[in-house]
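Student: Got a structure for you, questions after.
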Ligand code: FES
Ligand SMILES: [Fe+2]
């Protein structure tokens, strides 16, 4: 009798690629990601009620003082460690509930009310760990890396050069088909999906019905190329009427998704930028800023599956009409890279992983990674992403 081949019993022990995925302090990728600014909240999230954030595996508290300055401090009070989540935001900063130490947005301790003279003599020796912030595009950006290496917060042409009647709005909506705001899987599963245009005609057009528009259902001719900022993909589709639909998406370092609206409301340069923000090794969220004609427009136009929004689907409908959420969280908390079988259609994924790996190595050597800028001119980033309809040649 023939012996069975390829049974699961023969599987090798499986593992993920820690160098590419893990984001904590002191990890190789964590050190790379800490060389860039990341959006950590909407501007409107920073207020007089302390807000818990988890970013790159660190537990933080966001607030806004009476002068309107946002502050981001470690959650554990540097006195005896209770959380500043239960603190009170005051004119000059945030006050710990336990013994009343007051910290400003830079972590300076301004008062220690249980100490002689409110701690006047020694309070400067205690500093609450803090991170610098900048507000732009309706988002609060944090820099969590080595202070001497702090780059400029880049500006992006897609969000700077507005047509008449346009404004920039931000939101924290989730991946493609909706879903919860916090996505329970590793950030790279979503980020590298940007360089996977081949899944569009399958997942978004044939397997689950038309999630975007009919033209996206055609299998594209795809080229991947490195850019000065990351990797781009160019997908070309010949439409039935002879026109050619060209779509350029970019993965910009460290985690920017620069993808034209797949519902193709119009042609032209890319409308929005999304930042894939790792909360820790097994969850992320997305902040988006884009050009709109009125506030609130970004979150609209969500895909419907089976005529319903993601939240309304039954479990069986999630199985029958999966979208990006299902496919990417379905790879597990951190996908098992050692089990993969990459093929020609994965060459964009491979290009992005290699680029990331080279940046991790550069940082380990003491060099600056791609896309950190220290002068205004280079910190103004011009993007190529967009979608266009060309008249066919035949
Ligand atoms: S633990 Fe915060 S003031 Fe004592
Ligand atoms: Fe997708």
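Student: Quick one: is residue 273 in contact (Cβ under 8 Å) with a residue 24 or more places away in the chain, in contact with a helix residue (DSSP H, G or I) (Cβ under 9 Å, 6 or more places away or on another chain) and either more than 16 Å from ligand 2 (Cβ to nearest atom) or assigned to a loop (DSSP other than H, G, I, E, B) (or both)? Let's see the steps before the verdict.
Tutor: Details: in contact (Cβ under 8 Å) with a residue 24 or more places away in the chain: yes; in contact with a helix residue (DSSP H, G or I) (Cβ under 9 Å, 6 or more places away or on another chain): yes; either more than 16 Å from ligand 2 (Cβ to nearest atom) or assigned to a loop (DSSP other than H, G, I, E, B) (or both): yes.
Answer is yes for this residue.
Student: Consider residue 325 against the criteria (1) more than 16 Å from ligand 2 (Cβ to nearest atom); (2) assigned to a helix (DSSP H, G or I); (3) surrounded by 13 or more Cβ atoms within 10 Å (Cβ to Cβ): it satisfies all of them except one. Which criterion is unmet?
Tutor: (1)
Student: Working only within segment 283-309, note down all residues that are at pLDDT 85 or above and not in a loop (DSSP other than H, G, I, E, B). I'd like the intermediate steps shown before the answer.
Tutor: To start, the set of residues in segment 283-309 that are at pLDDT 85 or above comprises 283-298.
Correct list: 283, 284, 285, 286, 287, 288, 289, 290, 291, 292.
Student: Condition first: more than 11 Å from ligand 2 (Cβ to nearest atom), closer than 20 Å to residue 329 by Cβ and surrounded by fewer than 18 Cβ atoms within 10 Å (Cβ to Cβ). Now tell me which residues in segment 174-207 satisfy that.
Tutor: Hits for segment 174-207 are 180, 181, 182, 184, 207.
Student: Additional query: Given the condition outside any loop (DSSP other than H, G, I, E, B) and either surrounded by 13 or more Cβ atoms within 10 Å (Cβ to Cβ) or over 24 Å from the mean Cα position of the chain (by Cα) (or both), answer yes or no: does some residue in segment 366-379 qualify?
Tutor: no
Student: Restricted to segment 216-231, and to residues that are touching a helix residue (DSSP H, G or I) at 6+ places or on another chain (Cβ under 9 Å) and not in a loop (DSSP other than H, G, I, E, B), which residue is nearest to ligand 2 (Cβ to nearest atom)?
Tutor: Checked segment 216-231; the qualifying residue nearest to ligand 2 (Cβ to nearest atom) is 216.
Student: Mind listing just one residue for me: the one in segment 68-98 that is part of a loop (DSSP other than H, G, I, E, B) and under 23 Å from residue 141 (Cα atoms) and, of those, nearest to ligand 1 (Cβ to nearest atom)? Give the derivation first.
Tutor: Here is the first cut: in segment 68-98, the ones part of a loop (DSSP other than H, G, I, E, B) are 68-69, 75, 77-82, 87, 91-92, 96-98.
Applying the additional criterion that residues be under 23 Å from residue 141 (Cα atoms) yields 68-69, 75, 77, 87, 91-92.
Values: 68: 25, 69: 21, 75: 11, 77: 3, 87: 8, 91: 18, 92: 15 Å.
My answer is 77.
The values are calculated or read from the model by the stated rules, or taken from the named source; none is laboratory data. This one's a predicted model, so the numbers in the text were calculated from it and none came from an experiment. Backbone-built Cβ (ideal geometry, glycine too); neighbour counts: all protein chains shown.
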